[in-house]
Amino acid sequence: MRGAIAGDSAAYQSFLVAVAPYLRATARRQFMRLSWAGGDPEDIVQEVLLAIHLKRHTWDQQRAIGPWIAAITRNKAIDMLRRRGRQTEIPIEDVIEQLPAEPASGAEEARDVDRMLATLNPRQRDIIRSVSVNGASIREVADRLEMSEGAVRVALHRALKALAARYRSDAR
């Protein structure tokens, strides 16, 4: 790094090649320590390499470079966690068969459901109504609509996502 700061591009290239495996290992440890699945440690590696490049002039050459790099890596991991949140994501396909359909309880709820479903295209509306409202299985809906079960799951997931976005925007 000292050579890189002095303008030696070959030394800088060697430094980056040498530090990348360390960064990958550190990023993986950060992911495991923070119990964070759903991200790619390589994203942190790339952010750290960019930060090193942009901030290399701030490194105190009288000090060891390892702690400086470790601090950058830790901070980039924390930044990524903040941006993405610490939510556990489970694909709807993994649990859809176990979710019970909620019975309609009242005319007002039925109107709300109809109003929200009206914002979807007819196929999405049919899939949501069949699976989520009437309690039909994915297989039954797939057979009736002559679709694959995977296609029904994807359409269901997209429709639920659209409804959730609409609901959040209406709640504001």
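The values are calculated or read from the model by the stated rules, or taken from the named source; none is laboratory data. These numbers were taken from a predicted model, which means no experiment stands behind them. Cβ sites come from the backbone with ideal geometry, for glycine too, and all protein chains shown count toward neighbours.
Observations on the model:
- Among residues of region 35-75 being of a type in the set (Asp, Glu), surrounded by fewer than 17 Cβ atoms within 10 Å (Cβ to Cβ) and over 14 Å from Arg2 (Cβ atoms), the one that is modelled with the lowest pLDDT is Asp40.
- Complete set of residues in region 109-131 that are under 15 Å from Ala155 (Cβ atoms), part of a helix (DSSP H, G or I) and aliphatic (A, V, I, L, M): Leu117, Ile127, Ile128, Val131
- Subset of region 139-156 [outside any helix (DSSP H, G or I) and of a type in the set (Gly, Ala, Ser)]: Ser148
- Hey, Ala136 of a type in the set (Gly, Ala, Ser), in contact with a Ser or Thr (Cβ under 9 Å, 6 or more places away or on another chain) and assigned to a loop (DSSP other than H, G, I, E, B) or not: yes
- Within region 148-167, being surrounded by fewer than 18 Cβ atoms within 10 Å (Cβ to Cβ), without any contact (Cβ under 8 Å) to a residue 40 or more places away in the chain and within 20 Å of Asp112 (Cα to Cα) holds for Arg158, Lys161, Ala164, Ala165.
- Top-ranked residue in region 105-120 [being surrounded by 11 or more Cβ atoms within 10 Å (Cβ to Cβ) and not charged (D, E, K, R); ranked as modelled with the lowest pLDDT]: Ala110
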